[in-house]
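Report on the structure given below.
The values are calculated or read from the model by the stated rules, or taken from the named source; none is laboratory data. Computed from a prediction, not measured in an experiment: that's the story for all the values here. With ideal geometry, Cβ positions are generated from the backbone for all residues, glycine too; neighbour counts draw on all protein chains shown. SASA here: full protein model, heavy atoms, side chains in, ligands and nucleic acids out. Shrake-Rupley method; radii C 1.70, N 1.55, O 1.52, S 1.80 Å.
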Amino acid sequence: MSTPVIQAIYHKIDELYNWRDVTPISESLTKKDKDNKLQTESQNIINEINKLLETSETTTKDKAFIQYLMGKTYNILPAYSSNSELALSKSIKLDPTLVDSWLQLGESYWKKADVIAAKNCFSGALDQDPKNVVALRNMSMVLRMLPTENIEQKKSNVEESVKLAREAVSLSPKDGVSWYILGNAYLASFFLPETPVYTTIRGETFETSKTGKDVKNALAAYYQAENSPVARNNPDLYFNRAVLHKYQEEFQEAVNGFRKAIVLEGGDWPAADIHIKQINDFVYLMESALTRK
């Protein structure tokens, strides 16, 4: 950031991202209103960047950074942006050492559902900075989604995903997003198909069930994530945690979580509604059965 103008634009983008991440959906700010504000404000910043590109003479590194700012600004909305991908690709071509460009391009490909390309970008970031927390947690996320040829390969990817997420948390213990992704890694581990474990007692062999260690670890990570002003506004945090509470038959906690997820999602989440109905139906049947006894 070699000029005051570039610095000013950088701070505007940073402030807009911070507003996006810490401002929850509510009755006074609908999801549509929030997206409209992000669209308007980001377009204003893009206009400033275009003006900067037209009027200033800059070094190659500054050009790379400006393209990064352009790509990051386009990337602020939930949907994939081809303009973001184009600007970030230009940035990396101009300066392959720019870690933030690799990270943003990886997120752009993630939105595009190009998991392999996203993984390559996060690998590019880790090549430049092996201890980068965002790169570690994003690689953890991507590994769980890679296509695999067999269950053993899937298990290996999930194990590595847990390892990377734990490393991210160890490097930044107060980072709620990393705790959330660690929770997701444990969640994925728990729902992997089991390899039967056998125990022999007095000459007889029994198949033992999977322990709840992954569930406990996932729940602990999700509750840690909730301490973060960024992670606590993520509806997926509450949805995923509620799924685990439902599995453990902690129905009140599950319903509370699904309802919170619906609010943060803007009031409409059919999958969460279905879970709540299933819980209510199950509790009603159990109560009816007990009443008849």
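Considering only residues of segment 125-137 that are touching a residue at least 24 places away in the same chain (Cβ under 8 Å) and open to solvent by 10 Å² or more (accessible area, probe 1.4 Å), which is nearest to SER172 (Cα to Cα)? The residue in question is VAL133. Residues of segment 215-266 that are farther than 17 Å from PRO78 by Cα, outside any helix (DSSP H, G or I) and open to solvent by 20 Å² or more (accessible area, probe 1.4 Å): GLU226, ASN227, PRO229, GLN248, GLU249, GLU250.
Within segment 229-256, residues that are charged (D, E, K, R) reach partners that are open to solvent by 10 Å² or more (accessible area, probe 1.4 Å) and not in a helix (DSSP H, G or I) with beta carbons closer than 8 Å, at six or more positions or on different chains, in the pairs ARG232/GLU226. Counting just the residues of segment 16-62 that are of a type in the set (Lys, Arg) and touching a Lys or Arg at 6+ places or on another chain (Cβ under 8 Å), which one comes out nearest to TRP102 (Cα to Cα)? Among those residues, the one meeting the criterion is ARG20.
Do you know which residues across segment 72-109 are under 17 Å from ILE49 (Cα atoms), basic (Lys, Arg) and open to solvent by 60 Å² or more (accessible area, probe 1.4 Å)? Correct list: LYS90 only.
Residues that are modelled with pLDDT under 95 and polar (S, T, N, Q) were ranked within segment 101-152; the one that is farthest from ALA185 (Cα to Cα) is ASN150. For the criterion of being more than 30 Å from ARG232 (Cβ to Cβ), in a helix (DSSP H, G or I) and open to solvent by less than 20 Å² (accessible area, probe 1.4 Å), ILE45 fails.
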